[in-house]
């Protein structure tokens, strides 16, 4: 019974979009580390992407309201720091979603999301959010964002 | 008590430098650079928050916010280099380069701490600091090996901030105790590696390493340069003027 409920919680969490990149969910982002059921309460372990990322607070709120709206009241969100979040946890499917959305996914060879050329150049290691850097495509000359490897 | 003090030192250096760098927000030399500096400040605020949460747990009485906003100047243990004013862009870059090189080496060692929380926070911070280091290193090269003016300003900045680098490797009784028990970081390799990394970049940037002279000291005892008080008065104004104000 509990296992079934835990599965349901994961399904609900998978509907909560990343506040800054709504095309992927918080589960796909890899920040939900564990869901357990202890002392009559669901414990959802969350790890921050970047230490200071403002989206962390936003998705905590989003997760809380999603669970409440679906009738789950007995839960707590726990922040865990270890193991530290890494883009290695992102599946190929998630990376494809980012690419289609116009964000070059984390990888050693940075590919332009517009023309798919791998002839690209770094503009700045820091971008519009903590997790992204700015690149330019040498082929089609379009600037684009790259999800940093961390 | 020593562990709390040790944790606060790490937290305070990140917090104060974050507050300092934030002063560049909307004033950066280019849009990309404005974003870069703001992102670095944000990472450092986040790191400070992690260490302050742990300090709050060890303290048992004060919340992380109270630790940040209700302590006075003499109760802060940040390295003095972090409270120095932003100055011109070269000043900010040199300060950042010295500090990021130090942080990179410090967190690499702290990742092996026998204290699980400190080790976890170090692993996390290290990932971010690697980007900060790359950033300031590439600017050192461009400014040092740039125009006559950029070179001169960067050399002047090296000269000024050098007096604050002695403190990075000081060991007092708290550091000794922490290092001995496997929780904290020893200074011997830290200093050797820092010198190596810094010398390399200074050489590549065609700049000159300042000569070791008098080194400033005191932050481990809560002694600071005049700049910290001014910084705190701005940072702490709101929670002190309106206690219990909610965001």
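Given (1) more than 16 Å from residue B:91 (Cα to Cα); (2) loosely packed, with under 15 Cβ neighbours inside 10 Å, identify the lone condition not met by residue B:27.
(1)
Among (1) farther than 30 Å from residue B:116 by Cα; (2) at pLDDT below 90; (3) in the same structural domain as residue A:18 (by TED's automatic domain parsing), which single condition is residue A:65 missing?
In the conditions (1) farther than 30 Å from residue B:116 by Cα; (2) at pLDDT below 90; (3) in the same structural domain as residue A:18 (by TED's automatic domain parsing), residue A:65 misses (2) alone.
Could you check segment A:112-135 and list, in sequence order, the residues that are touching a strand residue (DSSP E or B) at 6+ places or on another chain (Cβ under 8 Å), under 21 Å from residue B:134 (Cβ atoms) and surrounded by 15 or more Cβ atoms within 10 Å (Cβ to Cβ)? So that I can check it myself, show each step before the final result.
If we filter segment A:112-135 for residues that are touching a strand residue (DSSP E or B) at 6+ places or on another chain (Cβ under 8 Å), which is where we start, we get A:112-115, A:117, A:119-128, A:131-135.
Now drop any that are not under 21 Å from residue B:134 (Cβ atoms), which leaves A:120-128, A:131-135.
If the condition is that a residue be touching a strand residue (DSSP E or B) at 6+ places or on another chain (Cβ under 8 Å), under 21 Å from residue B:134 (Cβ atoms) and surrounded by 15 or more Cβ atoms within 10 Å (Cβ to Cβ), then A:120, A:123, A:124, A:125, A:126, A:127, A:131, A:132, A:133, A:134, A:135 are the ones that fit.
Would you check if there is a residue in segment B:34-53 being in contact with a helix residue (DSSP H, G or I) (Cβ under 7 Å, 6 or more places away or on another chain) and more than 9 Å from chain A (Cβ to nearest Cβ)?
Within segment B:34-53, one or more residues are in contact with a helix residue (DSSP H, G or I) (Cβ under 7 Å, 6 or more places away or on another chain) and more than 9 Å from chain A (Cβ to nearest Cβ).
Mind listing whichever residues of segment B:16-32 are within 12 Å of chain A (Cβ to nearest Cβ) and at pLDDT below 95?
Initially, segment B:16-32 is screened for residues within 12 Å of chain A (Cβ to nearest Cβ), giving B:18, B:21-22, B:28, B:30-32.
Result: B:28, B:30, B:31, B:32.
Is it true that some residue in segment B:63-70 is surrounded by 23 or more Cβ atoms within 10 Å (Cβ to Cβ), in a helix (DSSP H, G or I) and within 14 Å of chain A (Cβ to nearest Cβ)?
The initial filter retains those residues of segment B:63-70 that are surrounded by 23 or more Cβ atoms within 10 Å (Cβ to Cβ), namely B:67-68.
Filter again for in a helix (DSSP H, G or I), leaving B:67-68.
Those left that are additionally within 14 Å of chain A (Cβ to nearest Cβ): B:68.
Yes, because at least one residue in segment B:63-70 is surrounded by 23 or more Cβ atoms within 10 Å (Cβ to Cβ), in a helix (DSSP H, G or I) and within 14 Å of chain A (Cβ to nearest Cβ).
For residue A:124, are the conditions met, namely being in contact with a helix residue (DSSP H, G or I) (Cβ under 9 Å, 6 or more places away or on another chain) and over 27 Å from residue A:33 (Cα atoms)? First the steps, then the outcome.
Numbers: in contact with a helix residue (DSSP H, G or I) (Cβ under 9 Å, 6 or more places away or on another chain): yes; over 27 Å from residue A:33 (Cα atoms): yes.
Criteria met by residue A:124.
Kindly indicate which of A:22, A:17 is surrounded by fewer than 12 Cβ atoms within 10 Å (Cβ to Cβ) and within 30 Å of residue B:22 (Cβ to Cβ).
Being surrounded by fewer than 12 Cβ atoms within 10 Å (Cβ to Cβ) and within 30 Å of residue B:22 (Cβ to Cβ) holds for just one of A:22, A:17, which is A:22.
So which helices (runs of 4 or more DSSP H) stay within segment B:109-219 end to end and still have 1 or more residues that are within 14 Å of chain A (Cβ to nearest Cβ)? Before the answer, list the steps.
On the way: elements: B:116-144, B:148-162, B:173-180, B:188-204.
In segment B:109-219, B:116-144 are the helices (runs of 4 or more DSSP H) which contain 1 or more residues that are within 14 Å of chain A (Cβ to nearest Cβ).
Can you tell me which residue is nearest to residue B:46 (Cα to Cα) among those in segment A:51-105 that are within 12 Å of chain B (Cβ to nearest Cβ) and surrounded by fewer than 17 Cβ atoms within 10 Å (Cβ to Cβ)? Can you show your working first?
Keep residues of segment A:51-105 that are within 12 Å of chain B (Cβ to nearest Cβ), which gives A:51-57, A:79-88.
Cutting the leftovers down to surrounded by fewer than 17 Cβ atoms within 10 Å (Cβ to Cβ) gives us A:54, A:57, A:79-80, A:82-83, A:86, A:88.
On the way: A:54: 9, A:57: 12, A:79: 13, A:80: 14, A:82: 15, A:83: 17, A:86: 17, A:88: 22 Å.
Applying the filter and picking the extreme gives A:54.
Test each condition in (1) over 17 Å from the mean Cα position of the chain (by Cα); (2) closer than 19 Å to residue B:133 by Cα; (3) touching a residue at least 12 places away in the same chain (Cβ under 8 Å) for residue B:28 and report the one that comes out false.
All conditions are met except number (3).
When residue B:194 is evaluated against the numbered criteria (1) in contact (Cβ under 8 Å) with a residue 40 or more places away in the chain; (2) more than 26 Å from residue B:39 (Cα to Cα), which criterion, by number, is the only one it fails?
(2)
Looking at (1) crowded, with 18+ Cβ neighbours inside 10 Å; (2) in contact with a helix residue (DSSP H, G or I) (Cβ under 6 Å, 6 or more places away or on another chain); (3) closer than 27 Å to residue B:142 by Cα, can you tell me which one residue B:15 breaks?
Checking residue B:15 against (1) crowded, with 18+ Cβ neighbours inside 10 Å; (2) in contact with a helix residue (DSSP H, G or I) (Cβ under 6 Å, 6 or more places away or on another chain); (3) closer than 27 Å to residue B:142 by Cα, the one that fails is (3).
The values are calculated or read from the model by the stated rules, or taken from the named source; none is laboratory data. Bear in mind that the values here come from a model prediction, so they are computed numbers and not experimental data. As a convention, Cβ positions derive from the backbone with ideal geometry for all residues, glycine included, and neighbour counts pool all protein chains shown.
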